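Engineer: Here you go, one structure.
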Amino acid sequence: MRSFNLTKILQDTKYSLDVFNKKTISDLEKKIFIKDDKPHINCLIREKTIQLKPEEIIRQLYLSKLITEYKYPKKIIKVEYPVRFGRDTKKSADIVVFDKNNPTSPYIVIENK
């Protein structure tokens, strides 16, 4: 079984692992597998195989943090969800957590930049 080091994968990118604890990072590293000669993971929310690019690494770590540390249920979390900014601008947010009492109202919007 091949071992992956996220720090090494992200070393020449703008992304950092500073806000994630060692256990969250280690847990993600254990879930990585090779498909078509590239690292992949099963997305925590989309429940499908996703190629593990730098932005996706950070997204999966934030998803894990939201679910495990902050105890948000998966059913109120969406990935790459369209969000309106201003009157006319619509963009896809990396992660949106919806209000548990109002499931159509975004409560937290996360954009990995």
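Engineer: Heavy-atom accessible area per residue, the chain, 1.4 Å probe: how many Å²? Walk me through the numbers on the way to the answer.
Structural biologist: Details: 7750 Å² over 113 residues.
Averaged over the residues of the chain, the accessible area is 69 Å².
Engineer: Ignoring ligands, DNA and RNA, please state the percent of accessible area on the chain from carbon and sulfur, probe 1.4 Å.
Structural biologist: Details: 3690 of 7750 Å².
On the chain, the fraction of accessible area on carbon and sulfur atoms equals 48 percent.
Engineer: Hey, what does the equivalent ellipsoid look like for the chain, semi-axes from the Cα gyration tensor as sqrt of 5 times each eigenvalue, largest first, whole Å?
Structural biologist: On the way: eigenvalues 135, 49, 36 Å².
Listed largest to smallest, the semi-axes of the chain are 26, 16, 14 Å.
Engineer: Just to verify a number: what accessible area does Glu69 come out at with the full protein assembly present, 1.4 Å probe, Å² rounded to tens?
Structural biologist: Result for Glu69: roughly 80 Å² accessible.
Engineer: Shifting gears a bit: Calculate the length of the line joining the C-alpha centroid of region 17-33 to that of region 76-106, in whole Å.
Structural biologist: Cα centres, region 17-33 to region 76-106: 26 Å.
The values are calculated or read from the model by the stated rules, or taken from the named source; none is laboratory data. What you are looking at is a predicted structure, and each value in this text was computed from that prediction instead of being measured. For the accessible areas, the whole protein counts, side chains as well, though only heavy atoms, and no ligand, DNA or RNA atoms are used. Shrake-Rupley method; radii C 1.70, N 1.55, O 1.52, S 1.80 Å.
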